[in-house]
1. For the subset of region A:53-110 comprising residues that are in contact with an Asp or Glu (Cβ under 9 Å, 6 or more places away or on another chain) and of a type in the set (K, R), which member is nearest to B:Y35 (Cα to Cα)?
2. Mind listing just one residue for me: the one in region B:66-97 that is of a type in the set (K, R) and farther than 11 Å from B:C23 by Cα and, of those, nearest to the other protein chains (Cβ to nearest Cβ)?
3. Only one of these is within 25 Å of B:P96 (Cα to Cα) and either in a strand (DSSP E or B) or more than 13 Å from the chain's Cα centre (by Cα) (or both): A:G43, A:G15. Name it.
4. Out of region A:49-79, which residues are assigned to a loop (DSSP other than H, G, I, E, B) and buried (at least 16 other Cβ atoms within 10 Å of the Cβ)?
5. Failed condition for A:W35, given (1) assigned to a strand (DSSP E or B); (2) under 20 Å from B:L91 (Cβ atoms); (3) of a type in the set (A, V, I, L, M, F, W, C); (4) open to solvent by 10 Å² or more (accessible area, probe 1.4 Å), with all others met?
6. Hey, among B:D63, B:D100, which residue is away from chain A (no Cβ under 14 Å) and at pLDDT below 95?
7. With the requirement that a residue be in contact (Cβ under 8 Å) with a residue 60 or more places away in the chain and more than 10 Å from chain A (Cβ to nearest Cβ), what does region B:25-46 give you?
8. For region B:81-92, name all the residues that are farther than 13 Å from B:L46 by Cα and under 14 Å from the mean Cα position of the chain (by Cα).
Amino acid sequence: LAKTTQPISMDSYEGQEVNITCSHNNIATNDYITWYQQFPSQGPRFIIQGYKTKVTNEVASLFIPADRKSSTLSLPRVSLSDTAVYYCLVGGGATNKLIFGTGTLLAVQP
Amino acid sequence: DTGVSQDPRHKITKRGQNVTFRCDPISEHNRLYWYRQTLGQGPEFLTYFQNEAQLEKSRLLSDRFSAERPKGSFSTLEIQRTEQGDSAMYLCASSPSGRDGYTFGSGTRLTVV
């Protein structure tokens, strides 16, 4: 499974757009890119998934360049409640398990 | 509530005791996963079931650990002769397929004293 690298932590202020970039240089052709959010004492929660180009849902956008060796999770107008750990994962197809890294701790301040 | 349920939410046990956790997945999900998470780390895969069949086990799952899913519905994870290093959050997740629709429970936090 492809290994991912993402910043350990990021700081932001309420109302700002936050972009978290993840590197996955060894991504395989059939791998998808998935982002999860985790609050303390809770299980991870699915945010968004994509294969290439751009995906947008009601909470975030995911930008994937043509070479797919990186991806960027974009959170528009963050609020204090977006303070959490964000995990980038790659895998898919026949892969049955998720491989988590240490994630990015996003701290949103007032 | 149709999410993944885990019981208990918290468990404190003495070293050497056995503990058992339960996971009730989303009813239409045939895949069930167990993960373990220690402080500051991402969840680590332990084992995976498709229906009642246990299809994969991590090397993290020592012989003190056993998981079952007898009727392809709920699952149990038992840890025998607990050690302090077993202290962690144990997460269960279910999915209708290998890639899509993973839903995690809130976990069981185990503290071994």
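The values are calculated or read from the model by the stated rules, or taken from the named source; none is laboratory data. Every value quoted in this text rests on a predicted model; they were computed, and no experiment measured them. Cβ placement follows ideal geometry from the backbone for every residue including glycine, while neighbour counts extend to all protein chains displayed. For accessibility, only protein heavy atoms count, side chains too; no ligands or nucleic acids. Shrake-Rupley method; radii C 1.70, N 1.55, O 1.52, S 1.80 Å.
1. That would be A:K97.
2. As a first pass, look at region B:66-97 and keep what is of a type in the set (K, R): B:69, B:71, B:81.
Still in the running and farther than 11 Å from B:C23 by Cα: B:71, B:81.
Numbers: B:K71: 20, B:R81: 26 Å.
By that ranking, first place goes to B:K71.
3. Numbers: A:G15 fails: within 25 Å of B:P96 (Cα to Cα).
Going through A:G43, A:G15 in turn, just one is within 25 Å of B:P96 (Cα to Cα) and either in a strand (DSSP E or B) or more than 13 Å from the chain's Cα centre (by Cα) (or both): A:G43.
4. First pass over region A:49-79, keeping only residues assigned to a loop (DSSP other than H, G, I, E, B): A:51-52, A:57-60, A:65-69, A:76-79.
Those that are assigned to a loop (DSSP other than H, G, I, E, B) and buried (at least 16 other Cβ atoms within 10 Å of the Cβ): A:A60, A:R68, A:V78.
5. Among (1) assigned to a strand (DSSP E or B); (2) under 20 Å from B:L91 (Cβ atoms); (3) of a type in the set (A, V, I, L, M, F, W, C); (4) open to solvent by 10 Å² or more (accessible area, probe 1.4 Å), the lone unmet condition for A:W35 is (4).
6. Working: B:D100 fails: away from chain A (no Cβ under 14 Å).
Sole residue among the options that is away from chain A (no Cβ under 14 Å) and at pLDDT below 95: B:D63.
7. Passing the criteria: B:P25, B:I26, B:E28, B:H29, B:N30, B:L32.
8. Step one: filter region B:81-92 for residues farther than 13 Å from B:L46 by Cα, giving B:81-85, B:87.
Scanning region B:81-92 gives a single hit, B:S87.
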